[in-house]
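The values are calculated or read from the model by the stated rules, or taken from the named source; none is laboratory data. Model, not experiment: these values are computed from the prediction. All Cβ positions, glycine included, derive from the backbone under ideal geometry; neighbour counts span all protein chains shown. To get the accessible areas, we keep the full protein, side chains included, count just its heavy atoms, and leave off ligands, DNA and RNA. Shrake-Rupley method; radii C 1.70, N 1.55, O 1.52, S 1.80 Å.
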Amino acid sequence: MKKLVILGAGTAGTMMASHLIKKLKKSDWEITIVDQYKTHYYQPGFLFLPFDTYKPEDVKKSIDEFIPKGVKLIREKIDFIDKDSDTVVLENGTKLTYDILILATGTKTAPGEVQGMLGDYWYKTIFDFYTFEGALALRDKLRDWKGGKLVIHITEMPIKCPVAPLEFAFLADTFFINKGIRDKVDITYVTPLSGAFTKEKCTTALTYLLKDKNIKIVPDFAVEHIDGENGKIVDYGGEEVPFDLLVTIPTNMGDDLMSRSGIGDDMNYVPTDKNTLQTKVKENIFALGDCTNVPASKAGSVAHFQAEILTENILLYIEGKELKPDFDGHANCFIETGHGKALLIDFNYEYEPVSGKFPFAGIGPLNLLTESRLNHWGKLAFRWVYWNMLLPARKLPFITPKMSKAGKNFD
Amino acid sequence: MEKVYAGQTVSVDKEGYLTDLAQWNKDIAIEIGKEVGINELTDKHFEVLAYLQDQQRKEVALSIRGVGKSGIVDIKQLYELFPKGPLKFSSKMAGIPKPKSCI
């Protein structure tokens with residue numbers, strides 16, 4: 001009996017378990033998934049928690065519910081991976097040997113990386129919304145907040161879901177309009193990148209969103225420290241941005257397990273071939289989702305496309321055949337723009353988001369790079385799709401792992 | 001697209017980043033430096049550029065934190081060497097692609 005071990009039962013790990021249990025012979029392969037936690041969070045929903053659009057119960061379910069029958073779940077913290085002996089050692093001392101290892105341990109916020117972020121002002125005037133706790137603390141703050149300087153801030157790239165901070169800014173604008181206090185709120189978007197939209201076509205198409213919503217932008221800002229007492233963030237060049245309420249996206253880092261096992265880069269991400277998803281650690285170790293260092297977005301849709309391609313490659317690897325370099329960096333994301341509308345973007349390593357129709361060329365019904373109510377409903381409907389289609393690895397009709405160029409305006 | 005730096009024609013993308021690292025030389029870096037407001041290049045500048053090129057050849061994604069841990073400079077020094085655009089400007093001067101971001 002051969003052994004396949006998956007580390008992490010989040011979006012990517014669960015999807016891999018669901019795919020592989022359908023493809024591998026039960027008499028030949030034992031599949032085990034390891035995760036220390038009990039709760040599976042629908043992370044895209046964290047964006048909506050601070051505004052009371054989603055309730056906590058909308059975004060959490062039990063991990064066990066989504067582990068497919070036939071896959072063994074071990075609830076235990078992982079101590080380290082010994083790649084030389086093909087063994088995973090758990091914190092309780094258990095040793096799991098494997099023939100194939102799949103890493104799907106994700107990425108986490110690391111607010112301790114910036115001086116002054118964690119401390120007396122954390123969850124008082126400084127918040128994140130990339131964690132369940134942070135999103136709820138921010139919700140409680142926003143319920144009573146009377147206005148002032150709201151700063152939305154990205155510490156450094158890469159981050160999980162790179163568009164979420166922008167979405168937060170747009171939704172905040174709508175939220176304060178609906179509360180009748182938008183004139184008392186000054187919104188500033190602070191980013192280490194050279195603009196809110198860095199790709200040329202997106203900048204041309206979307207700059208109006210910031211202008212229309214009266215959101216100021218401070219680009220090229222790399223935070224050196226946060227001065228909570230005086231309410232300001234300070235960059236390495238000495239520039240200061242004052243705040244009354246700071247919503248920050250802390251540094252994102254891969255799991256410390258990678259560092260303990262000596263297989264991560266300086267952000268604890270796993271060096272991985274960007275097209276085959278085989279790691280550069282060892283040929284029988286593969287990785288997908290947010291834990292890799294591939295230059296794709298860290299987002300659920302990316303993990304979804306990767307899972308389909310990695311499943312094919314695992315089967316090829318088992319047969320001793322050459323892997324297919326089929327992952328093209330494809331991402332497909334709804335972007336909330338407020339007032340019940342959203343955008344849709346579709347892009348990959350090679351092509352930036354462009355306008356056009358999706359998923360059917362010329363028909364849609366969804367518009368790319370254009371705001372619509374249908375896109376917003378698409379985003380809200382996605383929660384159902386996530387729980388019922390994505391995690392059990394049911395094929396989404398008309399959406400291919402590789403990006404389709406049909407119906408898009410590349411000119 | 002093509003551009004002439006230090007008397008040599010090189011291929012660049014729309015934002016002026018070299019598309020072929022093999023065409024790079026130190027004189028090109030000096031000229032790009034002037035374009036972005038860095039008028040004097042020290043040995044330290046070139047050490048950083050060589051590190052970035054090395055990372056690029058190894059296909060390692062670049063981050064400011066990564067450069068800060070390179071042992072060549074810390075983050076504060078990187079900002080002093082390449083003010084207002086440490087990764088953006090240093091990548092351009094190193095002849096490698098602009099670091100990626102989402103939209």
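Here is how the numbers come out for the structure above:
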item: Phi-based couplings in Hz for region A:119-127 (Karplus 6.51, -1.76, 1.60; Gly and Pro marked x); result: x, 4, 9, 5, 6, 10, 10, 10, 9
item: Cα centroid separation - region A:310-384 against region A:249-267, whole Å; result: 27 Å
item: Sequence of B:24, A:377 from largest to smallest accessible area, 1.4 Å probe; result: A:377, B:24
item: Accessible area, probe 1.4 Å, largest first, for residues A:389, A:258; result: A:389, A:258
item: Protection-proxy order for peptides A:94-106, A:197-209, A:58-70, each taking the mean of Cβ atoms within 10 Å per residue, highest first; result: A:94-106, A:197-209, A:58-70
item: On Cα atoms only, tilt of A:164-179 relative to the major axis of chain A in degrees; result: 40 degrees
item: For peptides A:138-145, A:120-127, sequence by mean Cβ density within 10 Å, most packed first; result: A:120-127, A:138-145
item: Helix-derived mean residue ellipticity, 222 nm - over chain A, DSSP H n ≥ 4, -39500 (n - 2.57), to 500; result: -7000 deg cm²/dmol
item: Value of relative contact order over chain A, rounded to a whole percent, pairs C-alpha under 8 Å and six or more apart; result: 16 percent
item: Cα long-axis angle, helix A:373-385 against chain A (0 to 90 degrees, to the nearest 10); result: 40 degrees
item: Chain A: antiparallel DSSP beta bridges as a percent of all, rounded to 5; result: 50 percent
item: nm² value of the averaged projected area, convex hull over the Cα atoms of region A:299-389; result: 7.0 nm²
item: Cα long-axis angle, helix A:11-23 against chain A (0 to 90 degrees, to the nearest 10); result: 30 degrees
item: Chain B: calculated mean residue ellipticity at 222 nm from DSSP helix runs of at least 4, using -39500 (n - 2.57); result: -12500 deg cm²/dmol
item: Three-way shape call for the protein assembly as shown based on the alpha-carbon gyration tensor, with the a/c threshold at 1.5; result: rounded
item: Among A:228, A:238, A:264: highest mean-square fluctuation, GNM of chain A, C-alpha pairs under 10 Å; result: A:238
item: For residue A:30, residues with placed amide H under 5 Å, excluding near neighbours; result: A:2, A:3, A:4
item: For region A:150-171 versus region B:66-103, the gap between their alpha-carbon centres in whole angstrom; result: 21 Å
item: Charge context of residue A:320, other residues only, Cβ under 15 angstrom, K/R +1, D/E -1; result: -3
